[in-house]
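The values are calculated or read from the model by the stated rules, or taken from the named source; none is laboratory data. Computed from a predicted model, the values in this text were never measured in an experiment. Every residue, glycine as well, gets a Cβ built from its backbone with ideal geometry; the counts of neighbours run over all protein chains shown.
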Amino acid sequence: MRKPLLLWRFFVIGDVFLIDTVEKAMDFIKATNWKGSVLGLERIGELMRLAGDVQKQLRFVHIAGTNGKGSTAAMAANVLATAGYKVGLFTSPFLEDFNELIQINGVKLPNDRLVFLCAQLQACAAQMEDAPTEYEIITALAFLHFFHEKCDIVVLEVGMGGRLDSTNVIDTPEVAVITAIGLDHMEYLGGTVEKIAGEKAGIIKGGLVVCHPQGETVKRVILEKCASVGAEATFAEVPFANTLANFTQSFKYSDERFSIPLLGSHQRQNAAVVIEITKALRRRGWEISDNALQEGLANTRWPGRFELIRTNPPFIIDVAHNPQGIQAALRTLQKVFPNRRFIFIFGVLADKDFKEMAELLLPHAKKIFLVTPENPRALPATELAEYFYSILSAQALPPQNKFVAKCDVFTCEEISQGIALATQAAEENAKKSVNNTAYANVICALGSLSLVGTVRKYVAN
């Protein structure tokens, strides 16, 4: 039997105020008295106990990793929804709208439910001596929404790491998933891929595990964790070849052909992971037909992942925000637009490896417009420019990325200015020549999810 929620009435006492509007709900979520980015399960555990431990009444596909978590989660959720299930999807961070974080069968969290659930959580959080973090509040909000709506299954993306991430308050999931692992959040998770893999593998509690292909040392870490808890791991194979047409790619996996509207070899590999997730869920008794798998993959939409938001001139946005993601985006650009150099709009957060990302971008760039993402953790464009100028003045990149051609770098005061200048440059170049690499006319904005969200909203308007 499901445990009852604590539906207490409360009065205005101290910092506790009546939540009856979306604005007050968001003020509650972003309250300054919550902790910042602090890993650990004690606070979320207490918060969920006060809320009735509703997560224990739900079933999950739990997804950790460095890159590809969101795309993998979106595809898996769509496959399950196509199979006829009521599917919760929790991802982070959001691209344009907070309510995107929490969805059921593609429908974002309604504002009236946001208000209602925040009022419940306020009553619970008010009883805690050790205040929760903002992310823990959001995680609890997702669990409550999925419980109230009686979801059959929830696809749950880890926020950071895995072992101590607030989503790991759940019991053993139907399937635990590990996507591609690389160096990111090293100040929290460790300075090597092996240490990071150990944190990600912390979501493994037994049962079935599906993994993206991994390097040998990372694979060993995952297998050791599986052995310690009696879990069974499957590593997805590399999909066979592919064809590309009209921003859709097709590939072969396990002697079957699949199509996805997400471009890049990394997305084919993410889709292969979803195919293995489907196989694992079938073993757990979930009924997912071959047709549901095919259609679910083919119909997945995941904004901001190598998304074409304008055709004339071509304007791509991609949420790549670390070196591994930048490499994947560049491979896809070269595949879709061969023999070109590009116009980039680029901005990063201060805790990212912006130097390596800059070194990766420069050989492929004709012009780069540097901007400051709308995020408190953003690296100012002026500071980012200093590193670009230091490379350009030396006329050389590190040996693995030999600098071969001139690139113009501009610092923009506003993101809108970067968009306008990049568009103007692309339009001028398109008039000169489409095929000559000297006249780049393809724009790509990348480097930060918050930047991409701003660009997407601005161009759409």
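The test for being basic (Lys, Arg), touching a residue at least 12 places away in the same chain (Cβ under 8 Å), outside any helix (DSSP H, G or I) and in contact with a Phe, Trp or Tyr (Cβ under 8 Å, 6 or more places away or on another chain) does not hold for Lys352. Scanning the range 355-369 for residues that are free of Cβ contacts under 8 Å to residues at least 40 places away in the same chain and touching a Phe, Trp or Tyr at 6+ places or on another chain (Cβ under 7 Å) yields Lys355, Ala358, Leu361, His364.
Determine, yes or no, whether Lys355 is in contact with a strand residue (DSSP E or B) (Cβ under 8 Å, 6 or more places away or on another chain), of a type outside the set (Val, Ile, Thr) and farther than 14 Å from Thr454 by Cβ. Write out each step before concluding.
Working: in contact with a strand residue (DSSP E or B) (Cβ under 8 Å, 6 or more places away or on another chain): no; of a type outside the set (Val, Ile, Thr): yes; farther than 14 Å from Thr454 by Cβ: yes.
Here the answer is no, as Lys355 does not meet what is asked.
Listed by first and then second residue, the pairs linking a residue in the range 90-117 that is free of Cβ contacts under 8 Å to residues at least 12 places away in the same chain to a residue that is in a helix (DSSP H, G or I), with Cβ atoms under 7 Å apart and 6 or more places separating them unless they lie on different chains, are Lys108/Asn99; Lys108/Glu100.
For the structure I just gave you, tell me whether Leu189 is touching a helix residue (DSSP H, G or I) at 6+ places or on another chain (Cβ under 7 Å), buried (at least 22 other Cβ atoms within 10 Å of the Cβ) and modelled with pLDDT under 90.
yes
Note on the range 240-294: residues that are closer than 22 Å to Val209 by Cα and free of Cβ contacts under 8 Å to residues at least 24 places away in the same chain amount to 4. Listed by position, the strands (runs of 3 or more DSSP E) enclosed by the range 188-291 that each have at least 2 residues that are among the small types (Gly, Ala, Ser) are 231-235, 240-245.
Residues are listed down the side, and each one gets a yes or a no for (1) of a type in the set (Lys, Arg); (2) within 14 Å of Leu58 (Cα to Cα); (3) surrounded by fewer than 21 Cβ atoms within 10 Å (Cβ to Cβ):
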position: Asp152; (1), (2), (3): no, yes, yes
position: Asp171; (1), (2), (3): no, yes, yes
position: Glu174; (1), (2), (3): no, yes, yes
position: Gly182; (1), (2), (3): no, no, yes
position: Ala197; (1), (2), (3): no, no, no
position: Gly202; (1), (2), (3): no, no, yes
position: Gly206; (1), (2), (3): no, no, yes
position: Ala227; (1), (2), (3): no, no, yes
position: Thr234; (1), (2), (3): no, no, yes
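Within the set Leu308, Leu297, the sole residue that is closer than 25 Å to Val210 by Cα, out of contact with any Leu (no Cβ under 8 Å at 6 or more places or on another chain), touching a residue at least 60 places away in the same chain (Cβ under 8 Å) and not aromatic (Phe, Trp, Tyr) turns out to be Leu297.
Of the residues making up the range 338-348, those that are of a type outside the set (D, E, K, R), part of a loop (DSSP other than H, G, I, E, B) and closer than 29 Å to Glu413 by Cα are Gly347, Val348.
Going through the range 292-324 one residue at a time, which ones are modelled with pLDDT of 90 or more and in a helix (DSSP H, G or I)? If the condition is that a residue be modelled with pLDDT of 90 or more and in a helix (DSSP H, G or I), then Ala292, Leu293, Gln294, Glu295, Gly296, Leu297, Ala298, Pro323 are the ones that fit.
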